[in-house]
Amino acid sequence: VLAKGQVVARDGELICPVAGQASAGMGTRPLTMARPMPEDFQVKSKNIVGKSPVIGVKDQTVTMREDLDLRVANGCYQPQGDVSAVSIISRDGSRKGQGFVKGFCPGLGGLAASISHEVHGLMVLGQNPEDMAQAASQVLDMQGGVSLVQNGQVRARIPLALGGICSLMSVQEVASQMSALHKELWDMGCKLPYPMWTFGFLSFTSILALRITYSGVYDVRSAETVF
């Protein structure tokens, strides 16, 4: 293995000095938003019935547009089945976009993370506003990370102390935590081979077709916000 023109590993053995561990404050962009409430994750509607553009997960990163009739009650959409509400909030809380995602995980309570390429705001996905708010609060308490909440119970939690994007733990520890998170999602019915990869790219506007942004659901092909 070579790095910067120098041999750093040979025959499976590291032969260069190990870099020192980064500090938690290095390059950080703190999450300074107010603690969100369940109602912050409800998507309001003025129509009792109407088709809405939904981000349909096609594969690991590519999405497609699906126009679906979503149930509305008490002035808010009620995502069900394989459809979840999604919110992305800037780290200072000044901007928020909302929409819907189909094909991630049926019956998902709340999944929140400070990983959302490339803006890396707080992204929250789920059907239960209470679970979504609890997962979001967990991420804020960690000052960055990933949290999965189902029926009021924290099912997985991964601190990402370095800017809310990277961990200070070993690769083995992070891999174990990520595997545990993925197993929880798979047990809930998620069919994606690497769910957090798909989750993290839902906001990446260089991939077709629909993405979630601070302005709402954005169509990359037409370069317009459609919801």
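The table for this structure:
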read-out: Pair list, Cβ under 7 Å, 6 or more apart: the stretch 206-227 residue over 13 Å from S116 (Cα atoms) and without any contact (Cβ under 8 Å) to a residue 60 or more places away in the chain, other residue crowded, with 18+ Cβ neighbours inside 10 Å and β-branched (V, I, T); value: T225/V217
read-out: Some residue of the stretch 204-225 being of a type in the set (D, E) and in contact with a strand residue (DSSP E or B) (Cβ under 8 Å, 6 or more places away or on another chain); value: yes
read-out: Residue list for the stretch 138-153, filter: at positive phi, open to solvent by 10 Å² or more (accessible area, probe 1.4 Å) and at pLDDT 95 or above; value: N151, G152
read-out: Whichever residue in the stretch 94-137 is of a type in the set (S, T, Y) and open to solvent by 10 Å² or more (accessible area, probe 1.4 Å) and, among such residues, is farthest from A156 (Cα to Cα); value: S94
read-out: Number of positions in the stretch 165-206 that are of a type in the set (D, E) and over 14 Å from L111 (Cα atoms); value: 2
read-out: Test: residue in the stretch 69-77 that is without any contact (Cβ under 8 Å) to a residue 24 or more places away in the chain and open to solvent by less than 40 Å² (accessible area, probe 1.4 Å); value: yes
read-out: So S167, is it touching a helix residue (DSSP H, G or I) at 6+ places or on another chain (Cβ under 8 Å), at pLDDT below 95 and closer than 18 Å to S116 by Cα; value: yes
read-out: Every residue from the stretch 180-227 that is farther than 21 Å from I165 by Cα, β-branched (V, I, T) and open to solvent by less than 30 Å² (accessible area, probe 1.4 Å); value: V217
read-out: Test for R91: is it in a strand (DSSP E or B), open to solvent by 10 Å² or more (accessible area, probe 1.4 Å) and touching a Leu at 6+ places or on another chain (Cβ under 7 Å); value: no
read-out: Residue count for the stretch 10-57, restricted to those that are over 30 Å from S84 (Cα atoms), aliphatic (A, V, I, L, M) and either modelled with pLDDT of 95 or more or not in a strand (DSSP E or B) (or both); value: 6
read-out: Residue match in the stretch 152-174 (condition: touching an Asp or Glu at 6+ places or on another chain (Cβ under 6 Å), of a type in the set (A, V, I, L, M, F, W, C) and more than 27 Å from M26 (Cα to Cα)); value: no
read-out: Filter pass, K58 being under 23 Å from V220 (Cβ atoms) and in contact with a strand residue (DSSP E or B) (Cβ under 9 Å, 6 or more places away or on another chain); value: yes
read-out: Where a residue in the stretch 167-179 is open to solvent by 50 Å² or more (accessible area, probe 1.4 Å) and its partner, wherever it lies, is modelled with pLDDT of 95 or more and polar (S, T, N, Q), with Cβ under 9 Å and at least six apart; value: M169/Q177
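The values are calculated or read from the model by the stated rules, or taken from the named source; none is laboratory data. Every value quoted in this text rests on a predicted model; they were computed, and no experiment measured them. So basically every Cβ, Gly included, is an ideal-geometry build from the backbone, and we count neighbours across all protein chains shown. Only protein heavy atoms, including side chains, enter the accessible area calculation; ligands, DNA and RNA are left aside. Shrake-Rupley method; radii C 1.70, N 1.55, O 1.52, S 1.80 Å.
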